[in-house]
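To start, the structure itself, in structure tokens.
The values are calculated or read from the model by the stated rules, or taken from the named source; none is laboratory data. Everything quoted here is computed from the prediction, not taken from an experiment. Cβ placement follows ideal geometry from the backbone for every residue including glycine, while neighbour counts extend to all protein chains displayed. Remember, those area values only see protein heavy atoms, side chains included, never the ligands or the DNA or RNA. Shrake-Rupley method; radii C 1.70, N 1.55, O 1.52, S 1.80 Å.
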Amino acid sequence: MASQNIYILGIESSCDDTAAAVLHNGKILSNIIATQEVHQQYGGVVPELASRAHQQNIVPVIHQAIARANIDKKDVSAIAFTRGPGLMGSLLVGTSFAKSLSLGLGIPLIEVNHMQAHILAHFIEEENFKKPSFPFLALTISGGHTQIVKVSNYFDMEVIGETTDDAVGEAFDKSAKILGLPYPGGPLIDKYAKEGNPKAFPFPNPKVSGLNFSFSGFKTSVLYFVQKQTKENPDFIAENLKDICASIQFSIVRILMDKLKKAVKQTGINQIAIAGGVSANSGIRNALMDAEKRYGWNCFIPKFEYTTDNAAMIAIAGHYKYLEEDFSDYSITAQARYKF
Ligand code: KG4
Ligand code: ZN
């Protein structure tokens, strides 16, 4: 099977990015993303608008992915799509389109779990990039999820810790909103944090048992802190933005690293991969590189283009399911809450 020419078209539409990618034997031929600007003015994703924008974007995005890959749609071996988790109205667009295209072309349909795909992005064939070997731990951090996953094989994954409320991406984005920064604020906090003092303002470490996380209290502590300071000095945010951002980022990274250390101790596994939108964050990337030296961990940090939502990760998950002939039938439906 491995010597075969496998072309997988991946389709991602779980949130506010319409994306399509073509992989040839696990290697990227094209990776197209249409990011929806419409949500910025509302300070967050508006589900109904996201669904409508997916409907407008999906045909041109897929066209472009196939054209850039320089193949004919008849060359595609199978279509992989995000079944969930995500926003129902958004997932429905990708799911319906994937089904129709698969039916029209007479090729297999492959459903993919978005969170598994974030992790499997580490298996996209790339020169000079090492791949994790099984078992490893994945810290999956995005706008909707925060999980520590024990990955025993491509599709043998167990969530051993997760957030009990907000996701870490929300902690970044909501903190940014309190500071008056536009959505999504995570990358902006990262940008300003680079020039600030991480120890300027200490934020508390939430007390959550085991390997679970909690971020709703964190956001509240940022809110109370900023309210108190601006009462005393209305220009507090403008005068201290870099230090506030550096302190927020430092505290969030410490929360993540504390739990990772616990997970390594508990499982005896010290191969760590990070995945999801927040894995683009320079603070967590530096902390992991530091942990390689300090604790002897073996860490896997994805290329930036595979951190936030993309279809290449859906296609690589599809590739491995294709090898196992794990195909879906047309009765399959989108699933907003999709655990694995
Ligand atoms: O994986 P993703 O694109 O979408 C979801 O599945 O949620 O993650 C988006 C999240 C947003 O919360 C965004 O603010 C955050 O990832 N993010 C970052 C950075 N880049 C993206 N957070 C902190 N630092 C960054 N550099
Ligand atoms: Zn995602």
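Being buried (at least 20 other Cβ atoms within 10 Å of the Cβ), farther than 22 Å from residue 15 by Cα and either near ligand 1 (Cβ under 8 Å from one of its atoms) or not hydrophobic (A, V, I, L, M, F, W, C) (or both) is true of residue 161. Given the criteria of a type outside the set (Val, Ile, Thr), away from ligand 2 (no atom under 16 Å from the Cβ), open to solvent by 10 Å² or more (accessible area, probe 1.4 Å) and closer than 18 Å to residue 321 by Cα, does residue 77 qualify? Judged against the criteria, residue 77 is a match. For region 207-217, the criterion of being open to solvent by 40 Å² or more (accessible area, probe 1.4 Å), touching a Ser or Thr at 6+ places or on another chain (Cβ under 9 Å), outside the structural domain of residue 86 (by the TED database) and not in a helix (DSSP H, G or I) is met by at least one residue. Per the conditions (1) in a loop (DSSP other than H, G, I, E, B); (2) away from ligand 2 (no atom under 16 Å from the Cβ); (3) touching a residue at least 12 places away in the same chain (Cβ under 8 Å), the sole criterion not satisfied by residue 144 is (2). Looking at 193, 238, 200, just one residue is away from ligand 2 (no atom under 16 Å from the Cβ), in contact with an Asp or Glu (Cβ under 7 Å, 6 or more places away or on another chain) and either open to solvent by less than 20 Å² (accessible area, probe 1.4 Å) or in the same structural domain as residue 278 (by the TED database) (or both), and that residue is 200.
Okay, residues lined up against (1) touching a Lys or Arg at 6+ places or on another chain (Cβ under 9 Å); (2) open to solvent by 60 Å² or more (accessible area, probe 1.4 Å); (3) without any contact (Cβ under 8 Å) to a residue 12 or more places away in the chain; (4) among the aromatic types (Phe, Trp, Tyr):
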residue	(1), (2), (3), (4)
219	yes, no, no, no
231	no, yes, yes, no
253	no, no, no, no
259	no, no, no, no
262	no, yes, no, no
268	no, yes, yes, no
308	no, yes, no, no
318	no, no, no, no
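Being open to solvent by less than 10 Å² (accessible area, probe 1.4 Å), without any contact (Cβ under 8 Å) to a residue 40 or more places away in the chain and not in a loop (DSSP other than H, G, I, E, B), is that true of even one residue in region 112-128? For region 112-128, residues open to solvent by less than 10 Å² (accessible area, probe 1.4 Å), without any contact (Cβ under 8 Å) to a residue 40 or more places away in the chain and not in a loop (DSSP other than H, G, I, E, B): absent. Within region 287-323, the residues that satisfy the criterion of being in contact with a Leu (Cβ under 9 Å, 6 or more places away or on another chain) and part of a loop (DSSP other than H, G, I, E, B) are 297, 301, 311.
Does region 271-284 contain any residue that is more than 16 Å from ligand 2 (Cβ to nearest atom), over 12 Å from the mean Cα position of the chain (by Cα) and under 21 Å from residue 160 (Cβ atoms)? Yes, there is a match, as at least one residue in region 271-284 is more than 16 Å from ligand 2 (Cβ to nearest atom), over 12 Å from the mean Cα position of the chain (by Cα) and under 21 Å from residue 160 (Cβ atoms). Being near ligand 1 (Cβ under 10 Å from one of its atoms), hydrophobic (A, V, I, L, M, F, W, C), open to solvent by 10 Å² or more (accessible area, probe 1.4 Å) and at pLDDT 95 or above holds for only one residue in 105, 179, 92, 188, and it is 188.
Scanning region 278-297 for residues that are open to solvent by 60 Å² or more (accessible area, probe 1.4 Å) and over 11 Å from residue 257 (Cβ atoms) yields 289, 292, 293. For region 177-206, a residue qualifies if it is without any contact (Cβ under 8 Å) to a residue 60 or more places away in the chain and part of a helix (DSSP H, G or I), and the qualifying residues are 178, 188, 191, 192. Criterion applied to 14, 77, 51 was being modelled with pLDDT under 95, in contact with a helix residue (DSSP H, G or I) (Cβ under 8 Å, 6 or more places away or on another chain) and not assigned by the TED database to the domain that holds residue 187, and the one residue passing it is 51.
Of the residues 174, 131, only one is touching a residue at least 12 places away in the same chain (Cβ under 8 Å), touching a His at 6+ places or on another chain (Cβ under 8 Å) and either of a type in the set (D, E, K, R) or within 16 Å of ligand 1 (Cβ to nearest atom) (or both); which? Exactly one residue qualifies, and that residue is 131. Just to be sure before I move on: is residue 326 part of a loop (DSSP other than H, G, I, E, B), modelled with pLDDT of 95 or more and away from ligand 1 (no atom under 11 Å from the Cβ) in the structure I sent? Criteria met by residue 326.
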